[in-house]
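Notes to accompany the following structure.
The values are calculated or read from the model by the stated rules, or taken from the named source; none is laboratory data. What you see is a predicted model; the values in this text were computed from it and never measured. As a convention, Cβ positions derive from the backbone with ideal geometry for all residues, glycine included, and neighbour counts pool all protein chains shown. Side chains are part of the model used for accessible areas, which takes the heavy atoms of the whole protein and leaves out ligands, DNA and RNA. Shrake-Rupley method; radii C 1.70, N 1.55, O 1.52, S 1.80 Å.
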Amino acid sequence: MRGVLTTLLVVSVVLATVPGLHTPLTPVLVGQVRLVRSPAEILSMQPVLVFAYAPRGGVVELEVTVYVEARVNVSLPTPPPSPMKSTYRVRMSPVPWASGWYVTQIPGLPSRTWTFTYMLRRVGFTVTSKVVYKLMVEGSAVVSDSYIVKELEVTQHLPPLVYAFVYDALEDPGVFNETLGLAPRGWALGEGRALRVVVVAFDESSEPDVGFEYRVGEGPWTAVTTSDSPLVAELKAFVEAVSNYIRSLESWIRSYRPDVEVPRPRLAIRVSEAIIPPQTAGTYVMFRATARDADGNSATSPTGLYYVVREASDTRVLVIDPHIRLWVVQENLKTLHSKAKASIDYELPSEVAETLKHLWTLSEVIGNYGLVQFHHWELLGKYYNLYITWPSKEVIDVLDSFNPNVLILSNLALGLESGGLWNWDLRDIKVNGRSLLEHIVSYIKQTHAGVIATHATLSDEVLWVSCESRVKLGARGHVGYNLSDVDIRYERSVAAIIGMPELALWEYVRDKVAEALCQLSKAYAATQPQLAALLEAAAVATGSMPFQVPYVPWDGRLRLTPEARDLGWDLPEEFEVEMPALLERYGFKAYTEVGWQLAMPRVIAYVGWDGALKTRAGVARLVGGVASLYENITSRVVRAPELGMYFDRSVEWGLRSFYRGLSMASIRGVKLNISILVPELGKAVNLTVDIGREALANLMQRLPARIVALSPNGLAGVVVHDKYWDPEGYRAVYFSFEVEASRGSTAERLLVSAVEWVRKWRYRDITELLGDLVRVPRESASRFREAVAGVPGDIVFEDGLLLNEEGGSEIELSVVPGRLHLVVAHPTTDSVSVEIVRGLAKVVNVTQVGGRVTRVAVLVEEAGTVVLSLKAGSDAALNPAYVNVKQEVIPTPTPAPVTVTVTVTTTVATTYTTTSVTLVTYTTTAYETLTRYETLTRPVTVVAERTVERTTTVTVATPTTVYYRETEWGTAAGLSVALLVVGIIIGRLIARKR
């Protein structure tokens, strides 16, 4: 039994304080104080381990009263010494990694009978021991127990037990909750500070020899001299007192039997202290203790770990990272698991056996998972003050005490709905009636603290067991559940914090498609059961398909984008990151998450989907570890092959299909008409999704996240978000890969650049909301208003729209012949286009006004309904736009009189039929009003010519026929001259005849 406890104390209580895995050594109710000893039956000279559960902490001591008595079965000349009663009190040592548990040792005491012959009589000499012990908490006795030592000898020779913990834990037991006692609070120590470590070693036969060593980074192990701790000074004094009494017993009995040796009490515990010398910032330190007993058996303590940081820095970085504790557990269990397994045949209390079972399970799970990487936070500790903590409600206390400038959410991938060890979803952790994420959001808004999230912190896996049953596996709350999470103003998700709130929209659409298939399945259940089963299978497969796929292999290459320089990121144009442990185990340099591209333009998204498809085999290998983890922690409710199929389905077609479905959606106001291909059905499912006015308004205000680095195959990226326009704003960075698992100068520059960038948030009042909907730069707003004022007509439409790339956002208008003038502000895309979907109209002019404002003219040829479709350029998946439409009506022409004054010169010739001819010549000026109907758009000269000919008969004394010719003044002059010439010639002829 001691052998198992020896191993158990080293490994079994490792996880007792890890949420969800605490199985105490005895059944303990909240607030109940208990004592547990091991072994239950005590043999002669066998040391006893006494465990105490005192959840309130404080000064925890064990008061021990020992009774030692010698008896003989016959009367001897001198009686034996009087029985001994001795009491001592010793401070109990906290048990590392087991919150509220303490331990000490009661030395082995004699219980034996000797028989010999004295003066022909058979003498029986017996030494007996009894122990009564009390648990003292803050000086008051709270519980007690006792035992009598039996007259049997210990025959097994087991290795000693040893563990080490930081000295601060004696005064602050909360250290054990936070770091398992294997590091100072926050897993960090300031540069130039030494670390005091307590080493506790137990054995069952002798006081073990203790050693201690440490190493800096990956350097060699360095031995440190240990010294005895004052914690056991009183215990040693007690052992000496009991030994003195036994020497007196031995001296008395030897007067009758000289060869009798009464064993002395065995002090089989050593409590020592060691000092790790100060180190410089920017490294990490590991330490461990060793113990060796008189039989040559040895043991090694669990290894401690802490980072050396620049404590004096005014930049304080809070890292929420569960992997530090898991990595430490993984490293320690690897060396001790075999010993625990070999001790299974020992008789153990059921509670201890259950704890051991948890350990075996955990050891196997972590080993199979294979993706718990060492995190190189020393790269940040070189420059800043760090505090590392587990994702739990204690984060609230750290926010208050540490007051960080930057928060890092380190690969918070898991979100098992049952909670405990495997739920890192910040929305599931409740503190004072609110989620931990809500508290964090409030903190960053109040203090403008920067946020950095890495890799699978965006995790969304939810397994649909059936249409009625689902199991949450990933940190879905970080991505979002529904349309209320599509909120850039009042962030409800990590995705919103890092500038990608629309990721929740894809989650919502996928779930709606799955629910629609479930409804169809129910509709056909009675009439067509086979079809109903097919529909439910399609629903389950669709709903279970993750849109954030972690651990996608990638070659580690990244290229800086043109925007990076403008944002102040000083990095090489091309660089590589590498995860050493991953390369050693799997042969891949790095991995990334795929799915963040849903918030990016198609030119990036489709390249990313293609890249992921090419790595399907590698994805299957790495995701297989994730699926195995889910299978183990759900007790096989989730099956690894099935889950792996869903991940593969997402990579193969799911991400591309749903992205294309939304990109090609027809949008009418708040309704998206989407078509999604479902492979099981061999056809597309058409769905109308009403996103609601609130979600639309939230999307209207978003300014897109920007990319500072991108891999050539589109798989990995560094995305940044600056909420500079909000007085409660902040900056955020998302690494799609686990940058903290990388090492070297590149990883250091990436991490430091991220911290420096998020620290430099400044409020800039340079934007405004057009129509209280769409956020645009103030310059763009001015250009928009000028453009609207500069076009004629009356406003017939003004609202915000959501534009996609391959579909279109439609506007339906009732129109009359004339022109439509559209002015569009599109802050997230460089260009927009307008198409006529229905109606007799055509686009006649498109003008880029500047500042991402476009003016479009549409000629309407007949009255009726016109439907316009607006599309965005390839700059983001979904783009807000604010649109103003004016209609210019061209009126029906109204006749307008035109007065023209015409001067007519008329020549009248009179011809007589008699022999006497008289020539009469006269000139007449005539005025005539002509009316014309002309539609004039510009000044014109109208030239008109009209000839009028009349015949008039005039009666005179001598009847004569007169021909009257009238022309307009333009030709009258010519006719007058001709008639004049003719008249002169006729006159001369008449004169000659006379």
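When Leu840 is tested against (1) open to solvent by 70 Å² or more (accessible area, probe 1.4 Å); (2) farther than 17 Å from Gln887 by Cα, only condition (2) is not met.
Per the listing Ile429, Ile452, the residue uniquely in contact (Cβ under 8 Å) with a residue 60 or more places away in the chain and touching a helix residue (DSSP H, G or I) at 6+ places or on another chain (Cβ under 7 Å) is Ile452.
Take the residues in the stretch 160-180 that are over 12 Å from Thr290 (Cα atoms) and touching an Asp or Glu at 6+ places or on another chain (Cβ under 9 Å); name whichever of them is modelled with the highest pLDDT. Here the answer is Tyr167.
For the stretch 520-548, the set of residues classified as open to solvent by less than 60 Å² (accessible area, probe 1.4 Å) and part of a loop (DSSP other than H, G, I, E, B) consists of Ala525, Ser544, Met545, Pro546, Phe547, Gln548, listed by residue number.
Of the residues making up the stretch 40-55, those that are in a loop (DSSP other than H, G, I, E, B) and buried (at least 20 other Cβ atoms within 10 Å of the Cβ) are Ile42, Met45, Gln46, Pro47, Ala54. Restricting the first residue to the stretch 456-483 and requiring it to be farther than 22 Å from Leu421 by Cα, which pairs with a second residue that is modelled with pLDDT under 95 and assigned to a loop (DSSP other than H, G, I, E, B) meet a Cβ separation below 7 Å and a spacing of at least six or different chains? Between residues of the stretch 456-483 that are farther than 22 Å from Leu421 by Cα and residues that are modelled with pLDDT under 95 and assigned to a loop (DSSP other than H, G, I, E, B), the close pairs are Leu483/Ile691.
So, Val733, is that one more than 23 Å from Leu505 (Cβ to Cβ), surrounded by 23 or more Cβ atoms within 10 Å (Cβ to Cβ) and either modelled with pLDDT of 95 or more or not charged (D, E, K, R) (or both) or not? When the stated conditions are applied, Val733 does not pass them. Checking the structure you have, find out if any residue of the stretch 87-96 is modelled with pLDDT of 80 or more, in contact with a helix residue (DSSP H, G or I) (Cβ under 7 Å, 6 or more places away or on another chain), charged (D, E, K, R) and under 21 Å from Glu234 (Cα atoms). So far as the stretch 87-96 goes, yes, one or more of its residues are modelled with pLDDT of 80 or more, in contact with a helix residue (DSSP H, G or I) (Cβ under 7 Å, 6 or more places away or on another chain), charged (D, E, K, R) and under 21 Å from Glu234 (Cα atoms). Just one residue in the set Leu868, Leu878 is surrounded by 15 or more Cβ atoms within 10 Å (Cβ to Cβ), modelled with pLDDT under 90 and closer than 23 Å to Arg668 by Cβ; that residue is Leu878.
Each residue in the stretch 169-183 was checked for being open to solvent by 10 Å² or more (accessible area, probe 1.4 Å) and under 22 Å from Pro322 (Cα atoms), and 5 pass.
Scanning the stretch 478-505 for residues that are farther than 15 Å from Ala453 by Cα, open to solvent by less than 10 Å² (accessible area, probe 1.4 Å) and assigned to a loop (DSSP other than H, G, I, E, B) turns up Gly480, Val486, Asp487, Ile488, Glu502. Mind listing whichever residues of the stretch 558-576 are out of contact with any Gly (no Cβ under 6 Å at 6 or more places or on another chain) and open to solvent by 70 Å² or more (accessible area, probe 1.4 Å)? Those that are out of contact with any Gly (no Cβ under 6 Å at 6 or more places or on another chain) and open to solvent by 70 Å² or more (accessible area, probe 1.4 Å): Arg559, Pro562, Arg565, Asp566, Asp570, Glu573, Glu574. Can you find a residue in the stretch 346-356 that is modelled with pLDDT of 85 or more, open to solvent by 40 Å² or more (accessible area, probe 1.4 Å), of a type in the set (Ser, Thr, Tyr) and not in a loop (DSSP other than H, G, I, E, B)? Looking for residues that are modelled with pLDDT of 85 or more, open to solvent by 40 Å² or more (accessible area, probe 1.4 Å), of a type in the set (Ser, Thr, Tyr) and not in a loop (DSSP other than H, G, I, E, B), one finds none in the stretch 346-356, hence no. Which residue is farthest from Lys236 (Cα to Cα), if the candidates are limited to the stretch 268-278 and must be open to solvent by 30 Å² or more (accessible area, probe 1.4 Å) and not basic (Lys, Arg)? Looking at the filtered set, the residue picked out is Pro278. For the residues Tyr551, Tyr508, the requirement of being under 28 Å from Ala705 (Cα atoms), in a helix (DSSP H, G or I) and touching a helix residue (DSSP H, G or I) at 6+ places or on another chain (Cβ under 6 Å) singles out Tyr508. The set of residues in the stretch 208-256 that are among the aliphatic types (A, V, I, L, M) and within 23 Å of Leu49 (Cα to Cα) comprises Val210, Leu231, Val232, Ala233, Leu235, Ala237, Val239, Ala241, Val242, Ile246. Just one residue in the set Leu189, Leu152 is assigned to a strand (DSSP E or B) and modelled with pLDDT under 90; that residue is Leu152. When the criteria are applied in full, Ser144 fails the requirement of being open to solvent by 20 Å² or more (accessible area, probe 1.4 Å), at pLDDT below 95 and in a loop (DSSP other than H, G, I, E, B).
Among the residues examined, Tyr256 does not qualify as at pLDDT 95 or above and open to solvent by less than 40 Å² (accessible area, probe 1.4 Å). Of the numbered criteria (1) within 30 Å of Gly381 (Cβ to Cβ); (2) modelled with pLDDT under 90, the one Phe202 fails is (1). Among the residues of the stretch 75-87, is there at least one that is open to solvent by 40 Å² or more (accessible area, probe 1.4 Å), part of a strand (DSSP E or B), within 28 Å of Gly139 (Cβ to Cβ) and among the charged types (D, E, K, R)? Within the stretch 75-87, one or more residues are open to solvent by 40 Å² or more (accessible area, probe 1.4 Å), part of a strand (DSSP E or B), within 28 Å of Gly139 (Cβ to Cβ) and among the charged types (D, E, K, R).
Residue count for the stretch 198-233, restricted to those that are within 25 Å of Ile320 (Cα to Cα) and open to solvent by less than 30 Å² (accessible area, probe 1.4 Å): 1.
Considered as a group, the residues in the stretch 429-465 that are touching an Asp or Glu at 6+ places or on another chain (Cβ under 7 Å) and assigned to a loop (DSSP other than H, G, I, E, B) include one that is farthest from Leu371 (Cα to Cα), and that residue is Asp460.
When the stretch 259-291 is filtered for residues that are modelled with pLDDT under 95, assigned to a strand (DSSP E or B) and out of contact with any Ser or Thr (no Cβ under 8 Å at 6 or more places or on another chain), only Arg270 remains. Restricting attention to the stretch 304-317, the residues that are open to solvent by less than 30 Å² (accessible area, probe 1.4 Å), part of a loop (DSSP other than H, G, I, E, B) and in contact with a helix residue (DSSP H, G or I) (Cβ under 7 Å, 6 or more places away or on another chain) add up to 1.
Of the strands (runs of 3 or more DSSP E) lying entirely inside the stretch 683-797, those containing at least 1 residues that are under 20 Å from the mean Cα position of the chain (by Cα) span 706-710, 717-722, 731-735.
Counted as qualifying within the stretch 804-881 are the strands (runs of 3 or more DSSP E) with 1 or more residues that are in contact with an Asp or Glu (Cβ under 6 Å, 6 or more places away or on another chain) and closer than 19 Å to Leu773 by Cβ, namely 864-872. For the condition modelled with pLDDT of 90 or more and part of a strand (DSSP E or B), Ser251 does not qualify. Within the stretch 410-428, the residues that satisfy the criterion of being part of a loop (DSSP other than H, G, I, E, B) and buried (at least 22 other Cβ atoms within 10 Å of the Cβ) are Ser410, Asn411, Leu412, Ala413, Leu416, Trp424, Asp425, Leu426.
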